[in-house]
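The structure appears below as structure tokens.
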Amino acid sequence: MSAPPPPEQQPGRLLSVLGLAFGLAGSVGGTIGAGILRTPGLVAAQLGNPQLVLGAWLLGGLYALLGAVCIAELAASLPRAGGWYVYAEAAFGRRAGWLVGWTDWLAHCIGLAWVATTVGELLAAWLPGAWDSGLAARGIALAVLAVFSGIQLLGVRAGGASQELLSLVKAVAFLGLAAASFLLPPVLPAAADLGSTTVVPQGSALLVAAVLALQAVITTFDGWAAPVYFAEEFTDPSRDLPRSLIGGVVAVLALYLLINAALLHVLPIDQLSRATLPAADAALSLLGARGAQVISVVALVALLGLINTVVMAAPRILYGLGRDGLMPGFAATVSPSGTPTPALLITAATAGALVLAGSFDHLLGMGAFLYVGLPLSGVAAQLLLRRRQPDLPRPFLSWGFPVTPLLVGLVSLAFLAGALLNDTTDSLLALGLVGLGAAVNHSPNVHGDHHRA
């Protein structure tokens, strides 16, 4: 069976108009959500020591950085829209490509619905008490999805500009919160220890606590790979994709370390470990009663930037699958302004249906399991392509190969096993969804083993 024609021979192809600024904005915008407002308390509760807390965030960031280094090689070698499925298809065949793409798109839709619902709940809390908060939250969530989908319908330039703006505002908001925290007097060690109930774990208990803390930290770094979904739309992908991936992780890591240092500056470790929303406690110390409102605004800005990233990225998965014959070709239809319109509408409608379904208890566990598996598929593809296709042009080479991908793969595999053990029901449901993807697609194109790399 002949290969599908390359993008430049297809009508309605994506526009190559994006640059490094968008790539960095996509990586930062796809990573930083409201999790950083909550996760520092979870990490402090596990480790109970400021130095260990900062060390956990540093290790989690280094893991994400090593992953970015690995995927930067693949992204520069295979600059095709669609994300992780591109690498799985090149290394393992079309069936594997379809399964990874299906998994990735489902995880995006679940995450998008949850974030939109969270925005709805935040804004609904500001409405007069006469409103039904649950109904209002869902209505607002659907409106938010519609607004950001409308921005994407204007074209890739409008979507890219909105991403750059929202990521900039998000970074400024978090930097401002951290900088303002350092204006307060530091917590004195003696005062911090007085009456503290936090116990620093020792021996094997410390190992278990470190693993749990790192799980929380690494989850907060999810989203660093956002630029790969737009690989075809960069004007110079071989240069800008590696810079976007690596630079984005470094920027997020620096910001996360600064935020945690600021929280440790103003909050005793005991208070930090008990805080459900430690950033709110810091804001309360800074601004009094208005602190809660400030944190709500910061969380809203973070979530809106994340929504914009996902609404842009997820349709590119369907576009790539449709373009390469892995699902019906209409999914690859692109408007003159560079938006894969049918794929966008399918994504928005799916996320909207999940918002209306209203229960995320199992969906979030399933989505978390699916997200952990995606980087594992990427590093596995990198290892196999290095062996099978040594002559594949590689404008960027991973540092420390093969140690780097093996290390990232082992950590990812460990977290995947941990998720399976800690949340067996949702993990098995997630595997069931992947299996459903194999069952529902009977296209003969998918059953072939064509490799395009």
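Quick note: the coordinates plus some simple rules give every number you see, no bench work behind them. Treat the numbers as computed from the prediction; the structure is a model and nothing was measured. Counting neighbours? That spans all protein chains shown, and the Cβs are built from the backbone with ideal geometry, glycine included.
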Looking for whichever is assigned to a loop (DSSP other than H, G, I, E, B) and either in contact with a Gly (Cβ under 8 Å, 6 or more places away or on another chain) or surrounded by fewer than 16 Cβ atoms within 10 Å (Cβ to Cβ) (or both) here; the options are LEU392, LEU383. Which one fits?
-> LEU392
Restricting the range 279-326 to residues that are more than 22 Å from the chain's Cα centre (by Cα) and crowded, with 24+ Cβ neighbours inside 10 Å, the one nearest to THR103 (Cα to Cα) turns out to be LEU326
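Table: residues versus (1) part of a helix (DSSP H, G or I); (2) closer than 28 Å to PRO278 by Cβ.
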{"residue": "VAL297", "(1), (2)": "yes, yes"}
{"residue": "GLY305", "(1), (2)": "yes, yes"}
{"residue": "LEU318", "(1), (2)": "yes, no"}
{"residue": "LEU326", "(1), (2)": "no, no"}
{"residue": "VAL334", "(1), (2)": "no, no"}
{"residue": "LEU345", "(1), (2)": "yes, no"}
{"residue": "LEU363", "(1), (2)": "yes, yes"}
Taking the condition within 30 Å of ALA124 (Cα to Cα), over 22 Å from the mean Cα position of the chain (by Cα) and either buried (at least 24 other Cβ atoms within 10 Å of the Cβ) or of a type in the set (Gly, Ala, Ser) (or both), does ALA332 pass?
-> no
Which numbered condition ALA254 fails, given (1) farther than 22 Å from VAL169 by Cβ; (2) aliphatic (A, V, I, L, M); (3) touching a helix residue (DSSP H, G or I) at 6+ places or on another chain (Cβ under 9 Å); (4) free of Cβ contacts under 8 Å to residues at least 12 places away in the same chain | (1)
Six or more apart or on different chains, Cβ under 7 Å: which pairs go from a residue in the range 87-98 that's within 10 Å of LEU326 (Cα to Cα) and in contact (Cβ under 8 Å) with a residue 24 or more places away in the chain to one that's buried (at least 20 other Cβ atoms within 10 Å of the Cβ) and of a type in the set (Val, Ile, Thr)? Could you list them?
-> ARG94/VAL446; ARG95/VAL446; TRP98/VAL446
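Does VAL53 satisfy the condition of being surrounded by 18 or more Cβ atoms within 10 Å (Cβ to Cβ), among the β-branched types (Val, Ile, Thr) and out of contact with any Lys or Arg (no Cβ under 9 Å at 6 or more places or on another chain)?
Working: surrounded by 18 or more Cβ atoms within 10 Å (Cβ to Cβ): yes; among the β-branched types (Val, Ile, Thr): yes; out of contact with any Lys or Arg (no Cβ under 9 Å at 6 or more places or on another chain): yes.
Against the criterion (surrounded by 18 or more Cβ atoms within 10 Å (Cβ to Cβ), among the β-branched types (Val, Ile, Thr) and out of contact with any Lys or Arg (no Cβ under 9 Å at 6 or more places or on another chain)), VAL53 qualifies.
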Any residue in the range 237-258 that is within 15 Å of LEU54 (Cα to Cα), of a type outside the set (Lys, Arg) and surrounded by 24 or more Cβ atoms within 10 Å (Cβ to Cβ)?
-> yes
Return a yes/no flag: does the range 405-412 have any residue that is closer than 23 Å to ASP240 by Cβ and either in contact with a Gly (Cβ under 7 Å, 6 or more places away or on another chain) or surrounded by 15 or more Cβ atoms within 10 Å (Cβ to Cβ) (or both).
-> yes
